Amino acid sequence: MSTDALLSVANLTASVDEKTILHNVNLNVRAGETHVLMGPNGAGKSTMGHVIMGDPVYTVNEGTITFDGADITELSCDKRSRAGLFLSFQAPVEIPGVPLSSFLRATIAGRPGLEMKGKEFRRRVKELAAQLDMDTAYLNRELGVGFSGGEKKKVEMLQLLLLQPKLAILDETDSGLDVDALSVVSRGMDAYRASCDGSLVIITHNTRILEHLTVDRVHVMVGGRIVREDDASLIPWIDEHGFESFEREAAGTADER
Amino acid sequence: MAKQRTEVADIDRSLYDFRYDEEGFERLDAGLTPEIVTEISQRKDEPQWMLDFRLKSLEIYNRMPNPTWGPSIAGLDMDHIVTYVKPNTDQKADWDSVPDDIKNTFERLGIPEAERSYLAGVGAQYDSELVYHNMQDTASKMGIVYSGIEEALHEPKWEAIIREKFMTLIPPTDHKFAALHGAVWSGGSFVYVPKGVKLDFPLQSYFRLNAAGAGQFEHTLIIVEDDADLHFIEGCSAPKYNVANLHAGAVELFVGKRAHLRYSTIENWSKNMYNLNTKRARCDEEGEIEWISGSFGSHVGYLYPMSVLAGRKSKSSFTGITFAGAGQNLDTGCKVVLGAPETTATVETKGISKGGGIQTFRSSIVATPAAEGSAATVSCQSLMLDDESRSDTIPSMDIRAKNVDIGHEATIGRIGDDKIFYLMSRGISEEEARTMIVNGFANPVSKELPLEYAVEMNNLIKLEMEGAIG
Ligand SMILES: Nc1ncnc2c1ncn2[C@@H]1O[C@H](COP(=O)(O)OP(=O)(O)O)[C@@H](O)[C@H]1O
Ligand SMILES: [Mg+2]
């Protein structure tokens, strides 16, 4: 484990209902770095994001998660959020009857440096909505209810920009979006990096979204294991060859055992 | 509206109070007798017909059995019913004897000092006089009568109208507690809205001084004449506390042709209360009744607002929420009689149960042979916050007309872990996350309430949710 890492996942094994999903996973992200986590469907990428965020559905069987110098393996997820972690959900939820603006207000309540007075809050949120090409009428709508896939993802980006976490995991925030929405999300990432020099862990299938980002590290996950780690040059390679060779390799290693 | 509340130390009690002489009641603590009822009537200086009505109701009361189909009311001492009937002057608690949980709730809801003692039934010294009188002035300039029903009974013009309508929608034969109400009713509001008059702000009974304390057997009579429009709000979200733990009020609403009445209630009785309240509305041709109802508190509740759609194309809608926590068994519901052609009714309810609380929602739709072309939809959504709690829906339909369209749907759910995780991942605590979801669930009701009531209701839910985890 590199000592200067902001986020350090060490030898992490995690399971759900007795079924192990993540096997001995390691990940180190330094402040300001951008990492990419790739892999075929069902590899365990979302699980990884959820376990780092502290989703109680999953059990951590082994290993530790350290964030900003503290062991957070046992910390509840609201405290992880307040410590500066953020997860943009692959499938954001719907909360009927709760206006988006009230929800946003609650997310910043009691956060030093982020809590704002009503007027200031409304101005800030409108500003961010405009930045993300979102109709401000959405702020009065019930969280997620009747939102399209793209709108839900924009709401995730809006929270990212509002909360300015030290590290954000973006779980397929770009998938299923049309070209316009994609460029909005991409602008959102830039804005986040520019505003607070936060770290990013981007889970994606779409290498195009990465084109104008400086990627520091690429991790490939197959079958709940990190099977390859390299610099940004791995991205065009995967673009061309896909994950098949990794999968074959992983199957081979499994056979040998 | 601004909530101006003033301390009125020296209020003329005689206006509102009927000055019991306590001695007269000391010897009577067995059954409810004609003498007691006569005495109540005499002290109010009522017309003979009202006394006769009370005595007839008493007879019916003594004959009728207790309800056995709902939650148990065994905790009510029916053999000593007179202890519940004694005038409030006698029952008044002193502040020290008000239970701590009630005091705490006042504190947490930010209820002003003056109001607390009023709500706790300790004193009637306080009133939101200013607000009430402004409201009354404006209304009376429009020809609206808004007064205490006992006062109205002393005006010949209103006496005639009260006599014509009083307990015709809820006859004493309806059930045992309706009969009890007929015999011992005391206090309550009288509202008369003349033809074509539309009031654009709600009348709020909360602001009406009622020396009968928190109101145990109050009678509300509202008449909205043809083409008129009224929004009436009763209640408040702070717990009402009575030493005698029985509430058997009655609400009778008469909605004229093309008239509209919205009747909003937030009821929050202290948790020792047996709330056996009866509410009914009757709509003439194209008249419309809207019930908005939030039921909180009380130990046992029987509460089923009913609409009788008597005129062609008349309408009823009911939007309600019930929250049953530990030790509470709240049996609520809505009844609609589709009694004329082309009537429509919607019933939309939300039930929340927690900490072993039980909430049951009964809906009853009756279509008489005259109801051809009518339609009704009933939708019940329940949210159970833990495994010990219970939620039930009991729909009943009795359709005797052709071409009637009835829909019913009921869902029982729990708060999804994925939703909790999502909110918590944004730094929101678990308790806050649950409260937020429950408030969202209640939103269809709170958004129908004026802002200050909606805020109070949300705060109330927040209080009820405290300690909901674990
Ligand atoms: N809550 C869960 N319950 C049961 N199985 C799960 C759960 N979460 C993930 N899995 C399983 O774990 C594997 C990895 O899933 P996931 O992390 O969503 O993959 P990815 O995001 O890489 O597509 C899949 O086989 C999935 O079915
Ligand atoms: Mg995934």
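The values are calculated or read from the model by the stated rules, or taken from the named source; none is laboratory data. Treat the numbers as computed from the prediction; the structure is a model and nothing was measured. Counting neighbours? That spans all protein chains shown, and the Cβs are built from the backbone with ideal geometry, glycine included. Accessible surface is based on the protein model in full, side chains and every heavy atom, while ligands, DNA and RNA are left aside. Shrake-Rupley method; radii C 1.70, N 1.55, O 1.52, S 1.80 Å.
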Among (1) near ligand 1 (Cβ under 9 Å from one of its atoms); (2) open to solvent by 10 Å² or more (accessible area, probe 1.4 Å); (3) in contact with a helix residue (DSSP H, G or I) (Cβ under 6 Å, 6 or more places away or on another chain), A:Asn41 falls short only on (3)
Give the residue that is least open to solvent (accessible area, probe 1.4 Å), with candidates limited to residues of the range B:384-433 that are assigned to a loop (DSSP other than H, G, I, E, B) and basic (Lys, Arg). B:Arg426
Checklist (1) within 16 Å of B:Leu51 (Cα to Cα); (2) modelled with pLDDT under 95; (3) aromatic (Phe, Trp, Tyr) applied to B:Phe207, failing item: (1)
On the basis of being of a type in the set (Lys, Arg), at pLDDT 95 or above, closer than 19 Å to B:Arg400 by Cα and part of a strand (DSSP E or B), does B:Lys335 make the cut? yes
Selection count, the range A:160-191, where residues are touching a Phe, Trp or Tyr at 6+ places or on another chain (Cβ under 9 Å), away from ligand 2 (no atom under 16 Å from the Cβ) and polar (S, T, N, Q): 1
Of the conditions (1) among the small types (Gly, Ala, Ser); (2) away from every other protein chain (no Cβ under 12 Å); (3) free of Cβ contacts under 8 Å to residues at least 60 places away in the same chain; (4) farther than 27 Å from B:Leu338 by Cα, B:Ala367 satisfies every one except a single condition; which number is it? (4)
Write out, first by first residue and then by second, each pair whose Cβ atoms fall under 9 Å of each other, whose residues are 6+ apart or on separate chains, and whose first residue, in the range B:56-73, is assigned by TED's automatic domain parsing to the domain that holds B:Asp331 while the second is surrounded by fewer than 16 Cβ atoms within 10 Å (Cβ to Cβ) and assigned to a helix (DSSP H, G or I). B:Leu58/B:Pro34; B:Glu59/B:Pro34; B:Asn66/B:Met78
When both residues are 6+ apart or on different chains and their Cβ atoms are under 7 Å apart, which pairs have a first residue that lies in the range A:31-44 and is in a strand (DSSP E or B), and a second that is within 9 Å of ligand 1 (Cβ to nearest atom) and not small (Gly, Ala, Ser)? A:Leu37/A:Lys45; A:Leu37/A:Met48; A:Leu37/A:Ile203; A:Leu37/A:Met221
Among the candidates A:Val25, A:Val51, A:Val60, which residue alone is free of Cβ contacts under 8 Å to residues at least 60 places away in the same chain, within 12 Å of ligand 1 (Cβ to nearest atom), among the hydrophobic types (A, V, I, L, M, F, W, C) and in contact with a strand residue (DSSP E or B) (Cβ under 7 Å, 6 or more places away or on another chain)? A:Val51
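Going by the conditions given, is A:Ile65 surrounded by 15 or more Cβ atoms within 10 Å (Cβ to Cβ), of a type in the set (Val, Ile, Thr) and within 13 Å of chain B (Cβ to nearest Cβ)?
Working: surrounded by 15 or more Cβ atoms within 10 Å (Cβ to Cβ): yes; of a type in the set (Val, Ile, Thr): yes; within 13 Å of chain B (Cβ to nearest Cβ): no.
Considered against the rule, which asks whether it is surrounded by 15 or more Cβ atoms within 10 Å (Cβ to Cβ), of a type in the set (Val, Ile, Thr) and within 13 Å of chain B (Cβ to nearest Cβ), A:Ile65 comes out as no.
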Could you give me the residue pairs with C-beta distances under 9 Å whose first residue belongs to the range A:196-225 and is away from ligand 1 (no atom under 16 Å from the Cβ), whose second residue is among the basic types (Lys, Arg) and modelled with pLDDT of 95 or more wherever it lies, and which are 6+ apart or on separate chains? A:Cys196/A:Lys166; A:Gly198/A:Lys166; A:Ser199/A:Arg30; A:Ser199/A:Lys166; A:Asp216/A:Arg30
Pick out, from the range B:133-188, the helices (runs of 4 or more DSSP H) lying fully within it that include 3 or more residues that are modelled with pLDDT of 90 or more and open to solvent by less than 30 Å² (accessible area, probe 1.4 Å). B:176-184
Going by the structure shown, is A:Arg82 open to solvent by 50 Å² or more (accessible area, probe 1.4 Å), more than 12 Å from every other protein chain (Cβ to nearest Cβ) and out of contact with any strand residue (DSSP E or B) (no Cβ under 6 Å at 6 or more places or on another chain)? no
